[in-house]
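Structure record follows, encoded as structure tokens.
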Amino acid sequence: MQTFIRDVFYATRNLRRAPGFTATVVVTLALGVGATAAIFSCVYALLLQSLPFADAGRIIALSETHPQITGGIEATYPDYEDWKAQQRSFTQIAAYSTLNPETVSLVTDGHAEQVHRVLASGNFFPLLGINPMIGRVIGEQDDKPESDHVALLSASAWERYFGRDPGVVGRSVSLNGTAFTIIGVLPFGAAYPSEGEVWLPLSLLDQETRESRVWHSVRVLARLRRGVGLTEARADMQTISARLATAYPATNRNVGALLKPLREELVGRLRPAMLSLLGAVFLVLLIACANVANLLMVRATAQRREIAVRQALGAGRAQIFSQFLAQAVVLCLLGGALGIALAAGVLPLLRVALAHTASLDPAMIRSIGLNMPVLLFALLTCSVTAIVFSLFPLVNRSPRLTETLRAGERGNTGSRSRKRDALVAGEIAIAVVVLFVSSLVMRSFQKLLAVDPGFRTDHLFSAEIALAEPKYGDDSPITNHFFEQLLDNIARSPGVSSAATTSIVPLRPSQVMTRFLIEGAPPTAPGTFPAAQIRYVSPGFFHTFGLALQSGRIFEQKDIENGVQEFVVNAAFARRYLGGRNALGANILLGVLSPHPERIPVIGVVSDAHDLGVESDVQPEIYLPGFGLHAVLLVRTFTDPASAEPMVRSAVHMLDPDQPIYHAQTVDELVTNSMARQKMTAMLLGIFSFVALALAAIGIYGVLSYSVAQRAQEIGVRMAVGATRAHILRLVVSQAAQFTGLGLAAGVGTALVCARIISGLLFQTGTADLPAACVAIGSLALATAMAAIIPAIRAASVNPIEALRAE
């Protein structure tokens, strides 16, 4: 150990004498280690770190599947009860609901705030294994109609609305005008779902919802029994689903059960992107390591004389290895420390980028940091790198003193340079993979940006408002009057073009779908009725939102005042269900599961909008006139739409001083946030591709520069016997072309395989996209040319007389 410490001090002195070499190696390692540590921090927090729930790996999220809906949806309350009674795979099944309404008005100290409400069954928190920070959680005794006016707060709500008052337990608060008693506060970071601020008993679901197999109202969590795997649980739930489909064919035919681990439910669609980023940054780290290995091999070649003298004086291979290991350890520690500092500076930016990613748990974002597993990962990376780098200089034949001291010893570029050429070819192959994958994702994002959402996003302001019961009623005259007066006041405000309401935020699925039939269409078997999204809108919605009328008419104020039931449908609905028929003469039957379906005429057809997201196909939509307790205000302005927020708040306050608005944002921001995951992935891959390209260029430049220096005498001889500058240029460029060609050949095949792996991240972009391949190959060709030009010019500038005199 003492000898190794002495070698470390010796290596430090030597590296201090070569500042250019040391800085190049340290910065190269810092780029690789820093980028890898930053992305690994995100991957660890999102995909590996233990969730703040007891034995979280056994918690499963259950949802229902419908043949006409992608992914899982909420279960109906009766289906949840049947699952709970018939399953054999879980120790517990619990339910929660964030619908009807999603938010409630919390009044504290005479001030109203809109807070996110969650209804939870009595066994919900015991299933998660969450203990309260103060008081107690909702239990079975609270989930009964006679004792369900209790409330549980999140830690953030306790801090924001009650100033961390420890005496909050037992205090009465008003939620939508109804008194509730606070029974406890959850620990920080333990809220589920994370956006929840106040939890109430599930028994507060209205009786009609609890009895309906049509309204999908609850999300379900379950805890696997010991010894039961996810595959067995899926088979159990599919058996129950088939049983329910037989018992209730009108509502449950073709309805299945979808089971996902809780982490997958939380992370959602971000997992493929994070794994792709980790793979890309690992490849960048490999390029950095290959560069450093090349630099160390070059330095070892320059130290051959010193090594030969040491061996002649009795030093063994172990002692020589110790010397190189000490040098590599010093370089890797410096590079690792700088890389960790770089990662620490980058992580806040990554947290901001992830915070805009839809449906990602904010608590998981806050947990992203340089914790002990990340530091151990960085230390392991540096340790392995140091050991491997120490071996590279020893792979050559041990130098003999007579050979190294002989005047004719030149260190030519024969077999000794092939290892360096092979390393550079490997760098190029890896860079091709990173560049091609990055180009594919950036091309995909470019196509996503080019998608027309179907409505005008410019100068459009959005805010949500939820009126509190019992002061207001759903579709009641007082509710209608409130919104009519509010829209009229806003529309007459300076700088406002128009104003309207809709029932759901643009680019998000409607929380209301309906089964229907087209009057006169062939009969449909129960359970196979078509379904469509329903959105309630004010008469000015289509003009404000920017949807063009294609035929018929749109809603008028008299339609709401007279309570007339009429439909406006989008073009996608007309194409799919009314193809070849006059849409204006069609009638749609609602309530098809009841004995007397309601017959509603279609009065107009409007243009399509990507209401489920820019990347999603346009879906059939049905628009109804009217106002509900919850509404999304849309205000089109002549000026900056963000400036409309104070005016909207003032207009609401004038009508009801206790009524807040929330989620105020411009629709441009909303569209941007809806593509945050794709934007973040494309941006980071673009950065990684640039780093990979730069490192590959540095590697090419280093090998060619060293080759020219070693072959100076050979070049002098060639020029002395008649070789022109053009011949010398071709000589250097041909060397670069050889390892570049090998790298491109190996990299293109690997890149195509990797492209198939990340195909789920692509939007309207094939995995063998020719423009992306051209960008990758062209960028590397350009980088090779730029890296080769200086060594080539230097070689062509060799003075043959000086070269031969040196010989």
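The values are calculated or read from the model by the stated rules, or taken from the named source; none is laboratory data. Computed from a predicted model, the values in this text were never measured in an experiment. Every residue, glycine among them, receives a Cβ derived from its backbone with ideal geometry; neighbour counts consider all protein chains shown. For the accessible areas, the whole protein counts, side chains as well, though only heavy atoms, and no ligand, DNA or RNA atoms are used. Shrake-Rupley method; radii C 1.70, N 1.55, O 1.52, S 1.80 Å.
Just a few scattered comments:
- As a rough guide to protection, the peptides 224-235, 196-207 ranked by mean Cβ packing within 10 Å, highest first, stand as 196-207, 224-235.
- Residue-by-residue Karplus 3J(HN,Hα) for segment 616-625, coefficients 6.51, -1.76, 1.60, Hz, glycine and proline x: 8, 5, 5, 10, x, 10, 10, 10, 10, x
- Percent of Cα pairs exceeding the 17 Å cut-off, where the set is segment 1-90: 76 percent
- Most to least packed among 556-563, 26-33 [average Cβ atoms within 10 Å]: 26-33, 556-563
- Pairwise Cα distances in segment 645-746 exceed 24 Å for 61 percent of all pairs.
- For the pair N673 and N131, the difference between a 0.36 nm per residue extended length and the Cα-Cα distance amounts to 191.7 nm.
- At 1.567 mPa s and 4 °C, Stokes diffusion of the chain via Kirkwood alpha-carbon radius, µm² per second: 41 µm²/s
- Separation of the R160 and D658 label points, Cα + 7 Å toward Cβ, nm: 2.0 nm
- Segment 528-632: C-alpha gyration tensor shape, a/c 1.5 cut-off, then a/b vs b/c: rounded
- With one equal scatterer per alpha carbon and no solvent term, the Debye-computed log10 I(q)/I(0) for segment 39-134 at 0.21 1/Å reads -1.22.
- Cα convex hull volume per residue for segment 136-207 (Å³): 100 Å³
- Burial ranking of peptide ranges 181-188, 166-173 (average Cβ count within 10 Å, highest at the top): 181-188, 166-173
- Solvent exposure of S498, expressed as accessible area, is near 10 Å², computed with a probe of 1.4 Å over the protein chains only.
- Here segment 681-741 is described by how far its Cα atoms reach on the three principal axes: 56, 18, 15 Å, from widest to narrowest.
- Principal axis dimensions, largest first and in whole angstrom, of segment 425-487 by Cα: 75, 25, 16
- Comparing Cα centroids, segment 563-621 and segment 682-698 end up 49 angstrom apart.
- D_trans [Stokes-Einstein, Kirkwood Rh over alpha-carbon pairs] for segment 226-302, 20 °C, 1.002 mPa s, µm² s⁻¹: 123 µm²/s
- Plainly put, segment 545-588 has a radius of gyration that is 0.99 times its Kirkwood radius, both from alpha-carbon atoms, as the Rg/Rh ratio.
- Counting only Cα atoms, segment 169-272 measures 47, 36, 29 Å along its principal axes, largest extent leading.
- Computed from the C-beta positions of Q141 and R456, the FRET efficiency with R₀ = 51 Å rounds to 0.45.
- Rounded to the nearest 0.05, the FRET efficiency derived from the C-beta distance between I793 and R756 at R0 = 41 Å is 0.45.
- For segment 559-682, accessible area per residue (1.4 Å probe, heavy atoms of protein chains only), Å²: 40 Å²
- Centre separation in Å (Cα based) which lies between segment 222-274 and segment 32-67: 19 Å
- Measuring nothing but protein heavy atoms, the accessible surface of the chain at 1.4 Å probe radius is 60 percent carbon and sulfur.
- Distance-filtered residues of segment 496-535 - backbone nitrogen under 11 Å, label point 7 angstrom along Q68 Cα→Cβ: 513-518, 527-534
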